[in-house]
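Read the structure below first, then the notes.
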Amino acid sequence: MRFRERCVRAGGWAVRVVWAAVVVAAGACTFAAGGLETALCSNGVAVAEPAENGGLVADCAALLGLKQELAGDAVLNWSEQLPLDAWEGVSTGGAEDAPARVTELQLDGRGLTGEIPAGLGALSMLEGLWLHDNRLTGGIPAALGTLVKLEWLWLYDNRLTGAIPVELGALTQLVGLGLHENQLTGPVPAGLGGLAELEWLRLDGNRLTGEIPAALGGLVALKGLGLHRNQLTGPIPVELGGLAAVEWLRLDGNHLEGEIPAELGSLANLEGLGLQENHLEGTIPPELGGLANLNWLHLFNNDLEGGIPPELGGLENLEWLRLDGNGLSGAIPAELGELVNLRELRLSDNRLTGPVPAALGSLASLEWLRLSDNQLSGAIPAELTGLSRLRELGLADNRLTGEIPAALGELVFLEGLGLEGNGLTGAIPAELGGLADLEWLHLADNRLEDPIPAALGELAKLQWLRLDGNRLTGEIPAALGELHDLKGLDLDGNGLTGAIPEELGHLDNLRELGLADNGLTGAIPAALGALDDLRELRLDGNRLAGAIPAALGALTNLRELGLADNGLTDGVPAALDGLVNLRRVRLAGNGLDGCVPGHWREVGDGDFGEAGLGFCGG
């Protein structure tokens with residue numbers, strides 16, 4: 001007895017010898033593998049009535065044995081001095097007539113930094129394992145494939161590496177498998193297609209390779225399949241058309257090829273389909289128009305061609321439709337105007353022709369309409385001015401003609417208006433000044449005429465104003481100096497006259513000021529030296545006169561300085577020595593003399609020789 005008491009005191013616990021695997025040798029006491037943890041868990045505190053709860057003692061011992069490997073730098077309160085039900089993240093349970101066992105480990109978001117121990121495979125009655133939102137490293141142990149009771153396995157948002165163990169295909173009761181947002185490699189195991197109870201399969205955000213297994217089409221209970229943002233190749237298996245229960249399917253952001261299977265049109269419960277950012281080709285199957293429950297359809301940035309199926313107009317629950325970045329051709333179907341719940345329509349960067357359908361004006365829920373970079377022609381339909389919820393209208397880089405409808409100024413929620421790169425004529429409507437939420441207004445590269453409306457100075461939230469490449473005349477409105485959020489003002493290439501308003505020096509957030517190639521006269525305002533965030537200053541090709549203001553030397557963030565082809569005189573002020581970040585300088589075509597700062601030798605694109613200016617200091 002004295003030997004037994006000495007062993008107990010050395011470990012600091014009370015233990016019944018029947019539960020401690022004691023080995024006596026050379027006058028010491030040691031424990032067989034796992035025996036120490038078993039002894040600790042048999043103290044009557046961690047597990048009540050240990051003699052009647054041998055399975056729970058074994059679970060307790062397994063957890064104690066793997067605690068440090070799993071936790072890493074984190075702290076878990078698992079101890080033989082606490083009842084098992086008080087252990088962080090540990091839940092016990094079982095059938096009424098059976099001894100309790102550990103059934104759940106909910107350790108998500110605990111800051112765990114270790115590895116997933118293979119010893120978790122000893123928790124034979126485990127039903128749920130949640131280890132997501134930690135910083136776990138290493139591989140996924142194949143031993144998890146022995147947890148045949150497991151229903152939920154969430155390991156996402158860690159730093160796991162290696163392949164997905166094929167042994168997970170034995171977890172036949174699995175309902176949810178989330179391995180996304182890790183660094184897993186290798187193929188998607190075909191055996192996962194045998195998990196008949198699986199409802200959620202998330203493998204996205206890894207580095208998986210190979211083809212999508214056709215066997216996944218056998219997951220008849222599946223509601224969500226996420227394989228996006230991997231490196232998968234090959235075609236989309238037609239067998240995925242057999243996922244009768246699936247509600248969302250995301251295969252985007254891979255290297256998939258081939259055509260979109262028409263069989264996907266059989267997924268009657270589908271609410272979301274994401275196939276964007278692959279290398280898919282061929283036409284859009286008209287069968288997709290039969291997906292009555294579809295809420296979003298993303299096919300953008302592929303190599304699709306042919307026309308937009310008018311059948312898509314039958315998707316009455318559709319809110320998000322993105323077909324941009326393909327090679328689609330033909331007219332925009334007027335049937336799209338029947339998508340009464342549509343909030344976003346993006347068809348930009350295709351080869352679409354014909355007019356903008358007036359029927360799109362019926363999309364009362366529309367917030368984003370982007371049709372840029374096509375070959376659309378005709379006038380901007382007046383019906384679009386009735387889209388009262390519209391936040392962005394992008395019709396840039398088409399072949400549109402006619403005037404800008406003044407009624408666009410009634411779209412009070414509009415944040416962005418892009419009409420650049422067309423053949424629009426007439427004046428800029430002063431009514432656009434009423435768009436109180438407008439953040440960017442791009443009307444460049446059209447044939448717009450007449451003066452710039454002073455009302456644009458009322459656009460208090462405006463950050464980018466591009467009116468360059470038109471035929472605008474008159475003076476620059478001083479009211480533009482009230483646009484204190486403005487980051488870019490580009491009026492290059494017009495017929496503007498008069499002086500540069502001093503008020504532009506109030507634009508303290510301005511990064512780009514482009515007034516080049518106009519007919520501006522007078523001196524360069526010294527007030528521009530207050531634009532301390534300015535990166536580009538283009539005043540070339542005007543009729544400016546006088547000296548370069550020394551105040552411009554305060555523009556220490558300036559990358560480009562364009563003053564060429566004016567009537568400037570005198571020398572380059574010594575204060576410009578402070579412009580140490582210049583990459584491009586244009587001074588030729590003036591009457592300047594003297595020298596430029598010596599360190600401007602490092603400017604990659606300068607015309608100092610053409611300007612007849614040397615470098616100060618030899």
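Note: relative contact order over the chain, using C-alpha pairs below 8 Å and six or more positions apart, is 4 percent. For the chain, the longest principal axis of the alpha carbon atoms and the long axis of helix 54-71 meet at an angle near 40°. Dipole orientation for the chain: of the candidates G361, L192, A268, L192 has the Cα lying most toward the positive pole (charges on Cβ; Lys, Arg +1; Asp, Glu -1).
Only one item in [x] 40, 37, 27; [y] 66, 36, 20; [z] 49, 35, 21 matches semi-axes √(5λ) of the Cα gyration tensor in Å derived from the coordinates shown, and that item is [y]. Shape class of the range 332-475 from the alpha-carbon gyration tensor: oblate, with a/c at 1.5 or above and b/c at least as large as a/b. Angle, helix 2-11 long axis vs. longest principal axis of the chain, Cα atoms, 0 to 90°, nearest 10? So the inclination is approximately 10 degrees.
Here the label points at N509 and D532, each 7 Å from Cα along the C-beta direction, are separated by 1.7 nm in the simple model. When the Cα positions of L393, I212, A71 are compared along the charge dipole of the chain, A71 comes out farthest toward the positive end, with charges on each C-beta of Lys, Arg, Asp and Glu. Farthest towards the positive end of the charge dipole of the chain, among the residues C41, G224, P141, is the Cα of C41, using unit charges on the Cβ of Lys, Arg, Asp and Glu. Relative contact order of the range 102-257, taken over Cα pairs closer than 8 Å and 6 or more residues apart, is 15 percent.
Note on the chain: with neighbouring protein chains present and a 1.4 Å probe, carbon and sulfur make up 48 percent of its accessible heavy-atom surface. Here's the picture: a label point sits 7 Å out from the Cα of V580 along the beta-carbon direction, and within the range 536-561 the residues with their amide nitrogen under 16 Å of it are 553-559. Given axes a ≥ b ≥ c from the Cα gyration tensor, I'd like to know whether the range 458-617 is rounded (a/c under 1.5), prolate (a/b larger than b/c) or oblate. Cα axes put the range 458-617 in the prolate bin.
Given contacts defined as C-alpha pairs under 8 Å and at least six residues apart, what's the relative contact order of the range 411-481, whole-number percent? Present the calculation step by step, with values, prior to reporting the outcome.
Values: 161 pairs, mean separation 23.3, N = 71.
Computed over the range 411-481, the figure is 33 percent.
If you bin all the Cα-Cα distances of the range 177-227 at 5 Å, starting from zero, the percentages per bin are 5, 22, 33, 26, 14, 1.
What share of the DSSP beta bridges in the chain is antiparallel, in percent to the nearest 5? Bridges in the chain are about 5 percent antiparallel.
Phi-derived couplings, Karplus 6.51 cos²θ - 1.76 cosθ + 1.60 at θ = phi - 60°, listed residue by residue for the range 309-323: x, x, 4, 4, x, x, 7, 5, 9, 5, 10, 9, 10, 10, 10 Hz, with x used for Gly and Pro. Where both bridge residues fall in the range 79-199, DSSP classifies roughly 25% of the beta bridges as antiparallel. Distant-in-sequence amide contacts of G330, defined by a placed amide H-H separation under 5 Å and a gap of 5 or more residues or a different chain, comprise T353. Database remark: amide H of G493 closer than 5 angstrom to the amide H of G469, A516, D517, N518 (H placed geometrically; neighbours at sequence offset of 5 or more, or on other chains; Pro and chain starts carry no H). The residues of the chain expose, per residue, 39 Å² of accessible area to a 1.4 Å probe.
Karplus-derived 3J(HN,Hα) values for the range 135-148, using 6.51 cos²θ - 1.76 cosθ + 1.60 with θ = phi - 60°, are 10, 5, 10, x, x, 8, x, 4, 4, 5, x, 8, 7, 5 Hz; glycine and proline are entered as x.
Residues whose amide H comes within less than 5 Å of that of G162, counting only those at least five positions distant or on another chain, are T185 (H built at 1.01 Å from N in the peptide plane). Computed 3J(HN,Hα) for the range 191-198, one whole-Hz value per residue from the Karplus formula 6.51 cos²θ - 1.76 cosθ + 1.60 where θ = phi - 60°, is x, 5, x, x, 7, 5, 8, 5, glycine and proline marked x.
The shape of the range 80-225 comes out oblate: with a ≥ b ≥ c from the C-alpha gyration tensor, a/c is at least 1.5 while a/b does not beat b/c. Taking the Cα centre of the chain as origin and assigning +1 to Lys and Arg Cβ atoms and -1 to Asp and Glu Cβ atoms, the resulting dipole is close to 2120 debye.
The values are calculated or read from the model by the stated rules, or taken from the named source; none is laboratory data. Computed from a predicted model, the values in this text were never measured in an experiment. All Cβ positions, glycine included, derive from the backbone under ideal geometry; neighbour counts span all protein chains shown. Please note that ligands, DNA and RNA were not included when accessible areas were found on the heavy atoms of the full protein model with its side chains. Shrake-Rupley method; radii C 1.70, N 1.55, O 1.52, S 1.80 Å.
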